[in-house]
There are 2 protein chains.
Amino acid sequence: MNDKEISSAVVKRLPRYYRYLGELMEKDVVRISSKELSEKMKVTASQIRQDLNNFGGFGQQGYGYNVEYLYTEIGKILGLDRHYKVIIVGAGNLGQALANYTDFEKRGFRVVGIFDVNPRLIGMTIRGIEVRIVDELETFVKENGVDIAALTLPKTKAPQIGSDLVKWGVRAIWNFAPTDLNLPDDVIVENVHLAESLMRVSYNLRNRERELEQEQVLAGMEEK
Amino acid sequence: MNDKEISSAVVKRLPRYYRYLGELMEKDVVRISSKELSEKMKVTASQIRQDLNNFGGFGQQGYGYNVEYLYTEIGKILGLDRHYKVIIVGAGNLGQALANYTDFEKRGFRVVGIFDVNPRLIGMTIRGIEVRIVDELETFVKENGVDIAALTLPKTKAPQIGSDLVKWGVRAIWNFAPTDLNLPDDVIVENVHLAESLMRVSYNLRNRERELEQEQVLAGMEEK
């Protein structure tokens with residue numbers, strides 16, 4: 001298996017395959033054809049075959065895919081066959097929401113620390129993890145070997161904390177602050193920009209209205 | 001301006017332009033060249049010129065772009081020149097986090113209702129909005145003309161609530177539940193799948209390791 005040749009478009013679809021296969025396993029489905037998978041996922045069957053062929057193709061002619069095997073293999077490719085130490089910086093609602101997702105832990109992402117500047121939050125525990133003051137961040141990161149830091153803090157503070165974390169050894173940043181972080185190229189940054197997601201909604205709503213207006217104009221012209 | 005011809009790739013970049021221009025306005029920057037904008041955004045200057053030409057090109061040779069004008073025009077294209085009524089279904093941490101984002105309100109997305117099934121949360125207020133019992137959802141949606149519903153509830157409940165909301169008149173769903181909603185094609189669905197985002201992080205971490213391993217193998221071969 002040569003991972004180097006997998007295109008980023010395929011990589012983008014893998015988590016979705018993984019999620020579907022997980023759902024099938026929960027329903028005790030043992031095998032599935034690319035046709036069935038295609039109907040469920042609303043992707044063409046040939047797209048699925050092509051995507052999965054990237055990994056040597058786990059399907060067998062006339063049998064389809066073994067759900068558990070495919071799930072496990074895709075999990076390995078996604079790096080889910082190991083554990084990651086995660087910290088959350090910013091213990092507001094969003095940070096608490098992330099800390100409370102038991103699904104993340106099931107997939108190997110273990111929250112080992114939660115930090116905040118707000119003294120009122122310090123000492124609170126979320127799923128057994130105590131919120132610490134942000135001053136302890138440096139020592140904690142250096143001593144614990146943190147893999148991923150989720151930044152759920154205001155955009156004014158994110159760039160500085162982000163580069164500090166990287167300096168102290170964090171390898172990947174999951175950034176929820178609505179700003180870009182300027183970090184070295186070898187740092188993995190995954191942005192979740194909620195405001196931008198919401199703007200895609202308004203764009204699409206506005207666009208739908210424009211389409212309806214145009215249809216009405218056309219209908220009006222036909223009447224004349 | 002013919003919006004129909006704007007490609008989805010350009011549309012995807014617009015919220016980011018909008019965010020940068022907003023930051024420039026906060027710093028009282030009046031105009032900017034495509035070169036400067038390109039350095040800030042890490043996109044090529046020619047890409048920027050090409051993108052903005054889609055809207056008739058707001059730049060002037062030798063002057064650059066008028067920041068406020070461009071910000072306003074892109075805002076219009078994104079449908080941010082109007083107001084949207086938003087409800088949040090699921091008043092847990094994530095729902096509360098969304099309700100607390102004052103940035104959304106500034107851009108025209110006004111939270112008018114928050115709903116939950118948990119009786120312990122009912123009556124709690126978030127930024128002046130009382131959490132209501134989910135039984136009141138139908139009447140509320142029909143009486144208030146809701147544009148967007150954010151679903152911050154468990155994946156087992158999201159598909160049913162999603163299709164009910166659409167039946168009652170909601171036009172767009174901002175879905176945070178880790179499942180796909182099977183809704184009619186004319187409904188706007190924007191998914192925020194946090195687990196998939198986190199899997200992209202682990203994939204990239206794993207991939208970086210594979211690259212390092214390969215480099216070590218190659219270095220070992222050279223030594224021989």
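The values are calculated or read from the model by the stated rules, or taken from the named source; none is laboratory data. These numbers were taken from a predicted model, which means no experiment stands behind them. Cβ: placed from backbone, ideal geometry, glycine included. Neighbour counts: every protein chain shown. Remember, those area values only see protein heavy atoms, side chains included, never the ligands or the DNA or RNA. Shrake-Rupley method; radii C 1.70, N 1.55, O 1.52, S 1.80 Å.
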Filtering the range B:77-118 for residues that are among the charged types (D, E, K, R) and either more than 19 Å from B:GLU136 (Cβ to Cβ) or at the interface with chain A (Cβ under 8 Å from one of its Cβ atoms) (or both) leaves a count of 6
In this structure, is A:PRO159 under 28 Å from B:LYS27 (Cβ atoms), surrounded by fewer than 14 Cβ atoms within 10 Å (Cβ to Cβ) and within 13 Å of another protein chain (Cβ to nearest Cβ)?
no
Which count do you get for residues in the range B:186-204 that are over 21 Å from the mean Cα position of the chain (by Cα) and more than 7 Å from chain A (Cβ to nearest Cβ)?
0
Quick test of your reading of the structure: A:LEU212 fulfils all but one of (1) closer than 30 Å to B:PHE109 by Cβ; (2) crowded, with 21+ Cβ neighbours inside 10 Å; (3) within 11 Å of chain B (Cβ to nearest Cβ). Name the failing condition by number.
(2)
Only one of B:ARG82, B:ARG110 is under 30 Å from A:LEU153 (Cβ atoms), under 19 Å from the mean Cα position of the chain (by Cα) and not assigned by TED's automatic domain parsing to the domain that holds B:GLU23, namely B:ARG110
What about B:LEU183, is it crowded, with 20+ Cβ neighbours inside 10 Å, more than 10 Å from chain A (Cβ to nearest Cβ), out of contact with any Leu (no Cβ under 6 Å at 6 or more places or on another chain) and assigned to a loop (DSSP other than H, G, I, E, B)?
no
Near pairs, Cβ below 7 angstrom, 6+ apart or cross-chain, from the range A:100-111 (without any contact (Cβ under 8 Å) to a residue 60 or more places away in the chain and farther than 11 Å from A:HIS83 by Cβ) to any residue that is of a type in the set (S, T, N, Q) and assigned to a helix (DSSP H, G or I):
A:ASN100/B:ASN93
Please find, within the range B:165-180, the residue that is least open to solvent (accessible area, probe 1.4 Å) out of those that are within 22 Å of A:ALA97 (Cβ to Cβ) and β-branched (Val, Ile, Thr).
B:ILE173
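Results for (1) open to solvent by 10 Å² or more (accessible area, probe 1.4 Å); (2) in contact (Cβ under 8 Å) with a residue 24 or more places away in the chain; (3) in the same structural domain as B:ALA99 (by TED's automatic domain parsing), shown as yes or no for each residue.
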{"residue": "B:GLY123", "(1), (2), (3)": "yes, no, yes"}
{"residue": "B:ARG132", "(1), (2), (3)": "yes, no, yes"}
{"residue": "B:VAL141", "(1), (2), (3)": "no, yes, yes"}
{"residue": "B:ASN144", "(1), (2), (3)": "yes, yes, yes"}
{"residue": "B:SER163", "(1), (2), (3)": "yes, no, yes"}
{"residue": "B:ARG206", "(1), (2), (3)": "yes, no, no"}
{"residue": "B:GLY220", "(1), (2), (3)": "yes, no, no"}
